[in-house]
Amino acid sequence: MSADLNARPRVSTAIAAALLVALSGTRPAAAQEASPAPPVDSQEKPAPYDTQLIRLSEVIGAVQYLRNLCAESGEPQWRRQMEKLLETETAGEPKRRERMVAAYNRGYRSFASVYTTCTPSAVTAAERYRAEGATLATEIATRYGN
């Protein structure tokens, strides 16, 4: 069996593990069905896990906003994890990076438009999104990790 030299490298196990640790804290729940990924440029070769990665980006954005809203001192690690994920997954692929950044911003802004103070429902939403993110990170790492 010959190797496909044009195949996309598998998702970095280190990044997936870091995301899993960052997103854990609650028992992972079954992942919700991800929304379809935006159309891909015909010259760009998407990874087989791009739909999950886009959803994970959106989840990280939501958790970033909610955790900072409810934490006394803020939690910058969510943004750092997203930056590491972008560096690893989108090197030399600006359109793919744009889609992931847009998903992160969409997740962040969707809660910023609803919550201005930490409420019990904001805490619950953060816990649910963390669980979904942990599930997505586990699925990506298990299936595509190297």
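The values are calculated or read from the model by the stated rules, or taken from the named source; none is laboratory data. Quantities reported herein were computed from a predicted structural model and do not represent experimental measurements. Cβ placement follows ideal geometry from the backbone for every residue including glycine, while neighbour counts extend to all protein chains displayed. When the accessible area is computed, the model is the full protein with side chains, heavy atoms only, and any ligands, DNA or RNA have been set aside. Shrake-Rupley method; radii C 1.70, N 1.55, O 1.52, S 1.80 Å.
Okay, here's what the table says:
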read-out	value
Residue match in the stretch 108-117 (condition: of a type in the set (F, W, Y) and under 24 Å from T142 (Cβ atoms))	no
Candidates E89, E139, filtered to the one that is among the acidic types (D, E), at pLDDT below 95 and open to solvent by less than 30 Å² (accessible area, probe 1.4 Å)	E89
Residue list for the stretch 113-130, filter: touching a helix residue (DSSP H, G or I) at 6+ places or on another chain (Cβ under 8 Å), of a type in the set (A, V, I, L, M, F, W, C) and over 18 Å from R55 (Cα atoms)	C118, A122, V123
